[in-house]
Amino acid sequence: MNCIRRALRLLCAWCLVFAASAVSAQVGPSSYAPTPGQKGKDVVWIPSPPGMVDKMLDMAHVTPADYVVDLGSGDGRNVIAAAKRGARALGVEYNPDLVELSRRAAAAAGMADQAKFVQGDMFEADIAQATVLVLFLVPDNLSKLAPKFLGLRPGTRIVSNTYEIGGGWEPDETERLTLCASWCGAHLYIVPAQVAGTWRLPEGELTLEQEFQNVYGAYMVDGIRVPIEHGQLRGNAIRFTINAVEYSGRVSGDAMEGIAKGRLTSTWTAKRARD
């Protein structure tokens, strides 16, 4: 019996050595190991569960054409996962130890060319070129960043783990992981085009008001005012209904064009009035 116990202890010791070697091979020789819940400059570090990382990237439909940015990127798992899908990806992290840990993990995964990490303040980061943001931030941080988000190019996708951006900006989609105990929800926001103002159509004038992706207003033709209904933006795509005619189209700066479906189907165009 004693021989069996000694053999088991020896086997367990070898298992521990093997596990430590595997971790070292993944993240490099540094002994730094972050602890979930540790405090940072603006956030408490809690890593997204692996299933949530995949869920967020799926919701954003990340492809090799994307440039993915994670603000407060922690150990780099979101950035490395995006890079594995072929995207260029950047993590902005204030803690230099986490930045180095992320760089080693990216190199170990063979993603050092695709997944980049910089030490910096997420509120000062240049995100203008991002096509996707993948985030796990508390509501206060999201609220402070919201004006910057709305200034991104229309169609940019923002996915937030657990917390909503708030301030009246409702998610375009919300999904949850099944069989999940915590950090189980993800919210997708698609930056809407800015359409508030007056637009001139060949037959009349369209005046629009906007609250994030929701659009309101009226169409004036021959002195008659007809309210628009069901106005909605999804990035550059716009939809609304006027007098039972369904308009759909795309916004391109100061121009809109699309299809109008009623008893007949026709094309429509509009130009933003600047005078």
(request) Please enumerate the residues belonging to region 177-216 that are of a type in the set (G, A, S) and out of contact with any Phe, Trp or Tyr (no Cβ under 8 Å at 6 or more places or on another chain). (result) A181, S182, G185, A186, A193, A196, G197
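Each row is one residue, and each column tells you yes or no for (1) crowded, with 17+ Cβ neighbours inside 10 Å; (2) of a type outside the set (V, I, T); (3) modelled with pLDDT of 60 or more.
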position	(1), (2), (3)
V17	no, no, no
A22	no, yes, no
A25	no, yes, no
G37	no, yes, yes
L71	yes, yes, yes
D75	yes, yes, yes
(message) Here's a check for you: in region 158-170, which residue that is under 11 Å from the mean Cα position of the chain (by Cα) and not aliphatic (A, V, I, L, M) is farthest from Q232 (Cα to Cα)?
(response) N161
(request) Go through (1) without any contact (Cβ under 8 Å) to a residue 40 or more places away in the chain; (2) among the hydroxyl-bearing types (S, T, Y); (3) closer than 20 Å to P36 by Cα; (4) outside any helix (DSSP H, G or I) and name the single condition S73 misses. (result) (1)
(message) Could you tell me how many of the residues in region 238-254 are in contact with a Lys or Arg (Cβ under 6 Å, 6 or more places away or on another chain) and either buried (at least 17 other Cβ atoms within 10 Å of the Cβ) or within 15 Å of R200 (Cβ to Cβ) (or both)?
(response) 1
(message) Give me the residue from region 186-216 that is at pLDDT 95 or above and of a type in the set (G, A, S) and, out of that set, nearest to T131 (Cα to Cα).
(response) A193
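Conditions (1) small (G, A, S); (2) more than 29 Å from the chain's Cα centre (by Cα), marked per residue:
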residue	(1), (2)
R234	no, no
N243	no, yes
G249	yes, no
D254	no, no
G258	yes, no
L264	no, yes
K271	no, yes
R274	no, yes
(message) Cβ-Cβ distance below 6 Å, separation of 6 or more or different chains: which pairs start in region 43-62 with a residue that is within 15 Å of T178 (Cα to Cα) and end on one that is in a helix (DSSP H, G or I) and not acidic (D, E)?
(response) V53/R77; V53/N78; V53/A81
(request) Just give me the residues in region 110-146 being part of a loop (DSSP other than H, G, I, E, B), without any contact (Cβ under 8 Å) to a residue 40 or more places away in the chain and surrounded by fewer than 20 Cβ atoms within 10 Å (Cβ to Cβ), in sequence order. (result) G110, M111, A112, D113, G120, E124, D126, A128
(message) Among the residues of region 164-175, are any of a type outside the set (D, E), surrounded by fewer than 18 Cβ atoms within 10 Å (Cβ to Cβ) and at negative phi?
(response) yes
(request) Residues being part of a strand (DSSP E or B), surrounded by 15 or more Cβ atoms within 10 Å (Cβ to Cβ) and in contact with a Gly (Cβ under 7 Å, 6 or more places away or on another chain): count how many of those fall in region 197-213. (result) 3
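The values are calculated or read from the model by the stated rules, or taken from the named source; none is laboratory data. Since we're looking at a predicted model, the values are computed, not measured. Don't worry about glycine lacking a Cβ; one is built from the backbone with ideal geometry, like all the others, and counts go over all protein chains shown.
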